[in-house]
1. With the structure loaded, tell me whether L56 is over 11 Å from G83 (Cβ atoms) and in contact with a Lys or Arg (Cβ under 9 Å, 6 or more places away or on another chain) or whether it fails that test.
2. Residues to consider are R27, R19, R50; find the one that is under 18 Å from L108 (Cα atoms) and either at pLDDT 95 or above or not assigned by the TED database to the domain that holds P104 (or both).
3. Do we find that G41 is more than 29 Å from G105 (Cβ to Cβ) and either in contact with a strand residue (DSSP E or B) (Cβ under 9 Å, 6 or more places away or on another chain) or outside any helix (DSSP H, G or I) (or both) in this structure?
4. When you scan the stretch 63-120, how many residues do you find that are more than 15 Å from the chain's Cα centre (by Cα), at pLDDT 80 or above, among the hydroxyl-bearing types (S, T, Y) and part of a helix (DSSP H, G or I)?
5. Return the residues of the stretch 11-60 that are in contact with a Leu (Cβ under 6 Å, 6 or more places away or on another chain) and without any contact (Cβ under 8 Å) to a residue 24 or more places away in the chain; say none if nothing qualifies.
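The values are calculated or read from the model by the stated rules, or taken from the named source; none is laboratory data. As the structure is a prediction and not an experimental result, all values here were calculated from the model. With ideal geometry, Cβ positions are generated from the backbone for all residues, glycine too; neighbour counts draw on all protein chains shown.
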Amino acid sequence: MTEYRAQVEELLSGYRRSREQLADVHRQLARVSASAQSADGLVTATVGARGELTDLVLDGDAYTRYRPSELAAHIVRAVREAGAEAFSGAEEIMASVLGRDTDPGAVLAGTADLTASELAVAETCDDSDDSDDSDETFEDQNWLDDSEWSKSR
């Protein structure tokens, strides 16, 4: 019985260490932040470790210098660049706790346990979703059958 209790205590101790390490990784990832600016400095985007936009600064001149579509493109580009930088920072954090044979980028992307053939299938499925052969449009369709309503008035 004493040997069993010692094994349980050892397992619990390992579990507690793993949980503390996981909590530390989460705290480190929460601090990851990266910013990127447009070439002219009128757009600055800041993102977190998961690429979520946490701040966007638009200089007042951006509204007069760019058409809306151009401004949107600058914003998207800045967010993408900041996201790539933040992802690199998150990869460094993950690499410090993962085994040497584990790709931290794949873990962060959610593809770590997928094989190349599974990823290829997923990509072809995504492409098929874009091809909509339906020419049906619902723009001019009246979804309310008001014929009964007008008779009752």
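1. no
2. R27
3. Working: more than 29 Å from G105 (Cβ to Cβ): yes; either in contact with a strand residue (DSSP E or B) (Cβ under 9 Å, 6 or more places away or on another chain) or outside any helix (DSSP H, G or I) (or both): yes.
So G41 fits the description; yes.
4. 3
5. Within the stretch 11-60, just D59 meets the criteria.
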